[in-house]
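We did not get these values from a lab; they are worked out from the coordinates using the rules stated. The shown structure was predicted, so the numbers you read here are calculated from the model rather than taken from an experiment. Every residue, glycine among them, receives a Cβ derived from its backbone with ideal geometry; neighbour counts consider all protein chains shown.
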Amino acid sequence: MSETEEKLIVWTDELQQYRLPRWEELPDIELYMDQVITLIERYLSPLVGQSDNKVITPAMINNYVKLGIMPKPNKKRYERIHMAHLIVITILKQILLIPDIKQGILLQSNINGMSQAYDLFCQEQETAIATMVKKYRCLPEDPASQTVQLDRLGLHMACLSFAGKIFTEKIIFLRMQEHTIIEKKV
């Protein structure tokens, strides 16, 4: 087994144990910007902390508020709803455009309410990660074919991500059309 394969196995073992904080597990006290950044980095570093880029910065948070993708803080203090938004945005911005994320959050929170929509997102994200881990772990036993599979693993996962991205964009587009049509009828 190569060093890369060993590292992937260790990492996938960690991913199988990873769990996003649910709505009720998010802080129910008001937090300042530096506290929010520390918590978001702690929550998400196993998922998006793979590069030298910061997971989240004050400028990013301010831009999300300006773009209306998340509510404004109350006197520079952030609440549970802000934390939930930031977790969702930070994960989804890896594969979707900010306007699509905004529409998706609005759509799901209108359908389920913010707390339930957030918990559903956490559950779906964990299921998706588990699916990817299973795809990797189900490599053939033949070492020669494992090497070929490992060589193609990044490509395979990128293609799955793209497929998921275009499906997500289409679903959001169609659901927003449906939502707009329903609003016009009322």
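Quick rundown of the values:
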{"read-out": "Charge tally in the Cβ shell below 13 Å around ILE105, where Lys, Arg are +1 and Asp, Glu are -1, ILE105 excluded", "value": "+2"}
{"read-out": "Under 15 Å, Cβ to Cβ, from LEU67 - net charge with Lys/Arg +1 and Asp/Glu -1", "value": "+3"}
{"read-out": "Efficiency of FRET between PHE173 and VAL10 - r from beta-carbon atoms, R0 41 angstrom, step 0.05", "value": "0.55"}
{"read-out": "Kirkwood hydrodynamic radius over Cα pairs of the stretch 28-67, then Stokes diffusion coefficient at 10 °C and 1.306 mPa s, in µm²/s", "value": "145 µm²/s"}
